[in-house]
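Working notes, structure below.
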Amino acid sequence: MAKAVLTSKSEDFPKWYQDVVAKAELADNGPVRGTMVIRPYGYAIWERMQAELNRRIKDAGAENAYFPLFIPESYLRKEAEHVEGFSPELAVVTHAGGKELEEPVVVRPTSETIINSFFSKWVQSHRDLPLLINQWANVVRWELRPRVFLRTTEFLWQEGHTAHATQADARVYALRILHDVYEDFARDVMALPVLVGRKTERERFAGADATYTIEGMMGDGKALQMGTSHELGQNFAKAFDITFQSSSGTTEHAWQTSWGVSTRLVGALIMGHGDDAGLRVPPALAPIQAVVVLVRDEEGAGERAASLAAELAGAGVRVRLDDRVDTGFGRRAVEWELKGVPVRIEVGPRDLAAGTVTLVRRDVAGEKATVALEGLGARVAGLLAEIQTSLYQEALDRRESSTVDAAGLDEVREAAQVGFARVPWDVIRESETDLAADALTVRCLQEADGGVPGSSAGAGLIATVAKAY
RNA sequence: CGGGGAGUGGCGCAGUGGUAGCGCACCUGCUUUGGGGGCAGGCGGUCGGGGGUUCAAAUCCCCCCUCCCCGACCA
């Protein structure tokens, strides 16, 4: 950290973000505006996200499947509000196979329509319910103002789609995903505190009865929607004729949910934890939790570094050995800091005699310790757990200190310039559009105790207002 | 889609009409390696595209395209 490697966060946050994306080798811009190439390290992070999310999704009972990229344009039109919400951002294929298509096909912006057209076939009886499907896929929404990971024309995500026999079942499931998958993942894996709440009618997903959200605060005080879960009611069931016979013999429309998180989470990771030295990846998420850096290969240091890496791997640590001694030490140290590897272990000839290594934690700037080689595995495991906790605490403290309880609209406007403004929903209600003129949105509604409201019409709700990505 | 910037080697930039340059990166060699090391020698650009003015255009004029930043819309 001797020399500035990046634009500093405080100097120019957007520039800093782009610098981190480039220097940590996360992604490049693609040739078509709004597209991105996810580089190996960025993709490794996404794969870790996928693994952790996939496990939680399966724990919630959903199964993975895959539906086509191309959707008949007519499907989109079946649900009026849905198509209205998406039509500006659709990519439509009109020519293929050397000729104009009779019916254009849409590149999926989301898969509600095509999946529900199959749910219609698959759901006949109440015994077929609940039907719990998830898919990992790419989707395309033509973006006017793209930003790598945060808002790209093509992005990767998981989208869950479910059908239930009753409204109550669907509601419970939408909230279960919200809490047990998304909130849990954000907190325990990404080490990011999130507000869990309900979207206002204005912010609701086109075609949903209710949209729930997890909202994180980024390093510049802006909000980022990190995941959504929707109660779709019977809107799509009616549009796509998803009906079943109940146990009493009546024909009913299914009640549905859909929910998703995307590669936007990589952006959340960067902006939620990054510092002036680059990315900081929480250990639970990190593709590389510890890197053993060989300083110089003299006096058996190389063998020691290799055996140490093997020992850590054996102890369950995701470890990488950096023995590229033809590259200067400082350069490599900077590289691993940019990539946010939580723990760095430096091994050189100097350590060997003393039976020590140098242990560096990424979350606390400039903290190095000389520690005994003996028992290093346990020590590293303990340190990883500590870093996970400290990153979460740091993010939580930052959010708390950047959140203001406001009483009126003027206070809301002022507080939301630099952070979150919490205000009674009753104060906002009719002024939501006015706030939008100042680029401020209600990120979510919560009960006074932080609970998720059953309706936006309820009394005593708290609105959180902020600028958002 | 509105407002503002910018397009010159992989990246960042200089170059106000007269032989295209600098830093970093890259390659080769030597030396170094405990925080982006040093020396020497190299590779690499039809200056975003098209048209025009001129003896001569990266430079002046016209049109187009792209990217970035700030807003309206979104995961």
Entirely in region A:1-86, the helices (runs of 4 or more DSSP H) that have 1 or more residues that are away from RNA strand B (no atom under 14 Å from the Cβ) and surrounded by 13 or more Cβ atoms within 10 Å (Cβ to Cβ): A:40-59, A:73-77
Residue check for A:SER229: small (Gly, Ala, Ser) and open to solvent by less than 10 Å² (accessible area, probe 1.4 Å): yes
Please enumerate the residues belonging to region A:260-302 that are near RNA strand B (Cβ under 10 Å from one of its atoms), closer than 23 Å to A:ARG48 by Cα and not β-branched (Val, Ile, Thr). A:GLY260, A:SER262, A:ARG264, A:LEU265, A:GLY267, A:ALA268, A:ALA277, A:GLY278
If A:GLY314 passes every condition in (1) touching a residue at least 40 places away in the same chain (Cβ under 8 Å); (2) open to solvent by 40 Å² or more (accessible area, probe 1.4 Å); (3) within 10 Å of RNA strand B (Cβ to nearest atom) but one, which one does it miss? (3)
Check every one of the strands (runs of 3 or more DSSP E) wholly within region A:218-259 and list those with 3 or more residues that are within 27 Å of the chain's Cα centre (by Cα) and either within 23 Å of A:PHE155 (Cα to Cα) or touching a residue at least 24 places away in the same chain (Cβ under 8 Å) (or both). A:223-233
Could you please let me know if A:ASN116 is of a type in the set (S, T, N, Q), within 16 Å of RNA strand B (Cβ to nearest atom) and either in contact with an Asp or Glu (Cβ under 6 Å, 6 or more places away or on another chain) or at pLDDT 95 or above (or both)? no
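Residue-wise test of (1) under 30 Å from A:ALA268 (Cα atoms); (2) of a type in the set (S, T, N, Q).
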| site | (1), (2) |
| --- | --- |
| A:ARG77 | no, no |
| A:GLY97 | no, no |
| A:VAL106 | yes, no |
| A:GLN124 | no, yes |
| A:LEU131 | no, no |
| A:PRO146 | yes, no |
| A:THR166 | no, yes |
Expected single match for in the same structural domain as A:GLU112 (by TED's automatic domain parsing) and aliphatic (A, V, I, L, M) among A:VAL325, A:VAL281, A:VAL266, A:VAL319 is A:VAL266
Please work out if A:ALA381 is buried (at least 17 other Cβ atoms within 10 Å of the Cβ) and in contact (Cβ under 8 Å) with a residue 60 or more places away in the chain. yes
Among helices (runs of 4 or more DSSP H) entirely within region A:105-196, at least 2 residues that are over 29 Å from A:ALA27 (Cα atoms) and out of contact with any helix residue (DSSP H, G or I) (no Cβ under 6 Å at 6 or more places or on another chain) occur in A:112-122, A:167-176
The residue that is least open to solvent (accessible area, probe 1.4 Å), considering only those in region A:317-338 that are in a helix (DSSP H, G or I) and farther than 23 Å from A:ALA27 by Cα, is A:GLY330
Scan A:GLU400, A:GLU447 and give me the residue that is open to solvent by 60 Å² or more (accessible area, probe 1.4 Å) and within 22 Å of A:LEU175 (Cβ to Cβ). A:GLU447
Does A:SER262 satisfy being free of Cβ contacts under 8 Å to residues at least 12 places away in the same chain and on the phi < 0 side of the Ramachandran plot? no
Tell me the residue from A:HIS126, A:HIS95 that is modelled with pLDDT under 90 and more than 16 Å from RNA strand B (Cβ to nearest atom), please. A:HIS95
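The values are calculated or read from the model by the stated rules, or taken from the named source; none is laboratory data. Since the structure is predicted, the reported quantities are computational estimates derived from the model, not experimental observations. Ideal geometry is used to build each Cβ from the backbone, glycine not excepted, and the neighbour counts take in all protein chains shown. Note: accessible area is taken over every heavy atom of the protein model, side chains too, but ligands, DNA and RNA are not part of it. Shrake-Rupley method; radii C 1.70, N 1.55, O 1.52, S 1.80 Å.
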